[in-house]
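Read the figures in this text as sums done on the coordinates, not as results from a lab. In this text the structure is predicted, and so the values were computed from the model without any measurement. Here Cβ is always computed from backbone atoms with ideal geometry, including for glycine, and neighbour counts include all displayed protein chains.
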Amino acid sequence: MSIGWLVVGAALPDFIDKPLGMAGVTDLFHSLGHSALLLPVLIVVGLVGRQGLALAVGWGSHLLLDGLHVVINGRPSDALFLGWPLVVPPTPPAIPPGEFVWVYLGSPSFYLEVLLWVAVGVLAAWSLRRGASNTPN
Ligand SMILES: [Zn+2]
């Protein structure tokens, strides 16, 4: 699976929705790019090939982790962004992305994310060491 396309897919929801929210096109910072209603589109993209599959997996993982993030932080109704535009969270935080960083730091999901990134780093280091030890001299 292409790591580059995985990263692009994981970043796309925020690259789409943050500018829309900041420009006032949508009322929420989780809208079009974060809508699970795009699932049929992601399935089609995922069937196109390895790059499409990586893009779809990255995008889907972003939605899953954003949904998990709000639930862990005690705001499960905010996960209704996944149903945008059919349903929306009743009291969305409406915090601009820059200010959100300060709200996010120290939240329960922040510590979970740190733990996940450490696990990814350990796995990557282990994989690189394993690959290096299997390389013929
Ligand atoms: Zn997001």
Springs between alpha-carbon atoms under 10 Å, Gaussian network over the chain: tell me which of Leu86, Leu68, Leu32 tops the mean-square fluctuations. Leu86
So the angle from the long Cα axis of helix 108-134 to the longest Cα principal axis of the chain, reported in degrees to the nearest 10, equals 20 degrees
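For the chain, what does the alpha-carbon gyration tensor say about shape, rounded, prolate or oblate, given a ≥ b ≥ c as the root eigenvalues, a/c under 1.5 as rounded, and a/b over b/c as prolate?
On the way: a/c = 2.48, a/b = 1.50, b/c = 1.65.
Here the chain falls in the oblate category.
Could you calculate the FRET efficiency of Phe110 with Val8 from 1/(1 + (r/R0)^6), where r is the beta carbon distance between them and R0 is 25 Å, rounded to 0.05? Before the final figure, lay out each step's value.
Working: r = 24 Å, r/R0 = 0.95.
It comes to 0.55.
Rounded to the nearest 0.05, what FRET efficiency is calculated for Val101 and Asn134 with R0 set to 35 Å and r the Cβ-Cβ distance?
On the way: r = 40 Å, r/R0 = 1.15.
Step by step, r from the Cβ atoms, then E = 0.30.
Would you list Leu37, Leu63 from fewest to most Cβ contacts within 10 Å?
Details: Leu37 12, Leu63 22.
Sorted ascending by nearby Cβ count, the order is Leu37, Leu63.
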With the chain treated as a Gaussian network of Cα nodes joined by springs under 10 Å, which of Pro89, Pro108, Pro13 yields the largest mean-square fluctuation? Pro108
Along region 70-85, Karplus-curve 3J(HN,Hα) (6.51, -1.76, 1.60; θ = phi - 60°) to the nearest Hz, with x for Gly and Pro, reads 6, 5, 4, 7, x, 10, x, 5, 5, 5, 5, 4, 5, x, 4, x
Calculated from backbone phi, Karplus (6.51, -1.76, 1.60) coupling profile of region 31-36 in Hz, x at Gly/Pro: 9, 3, x, 9, 7, 5
Pairwise centroid distance, computed over Cα atoms, of region 56-73 with region 76-129, Å: 7 Å
Between Leu68 and Met1, how many nm apart are label points set 7 Å from Cα along the C-beta direction? 1.3 nm
Based on the mean of other beta carbon atoms within 10 Å per residue, what is the order of 119-125, 40-46, most packed first? 40-46, 119-125
Pairwise FRET efficiency - Ser61 versus Ala124, Cβ, R0 = 22 Å, nearest 0.05: 0.85
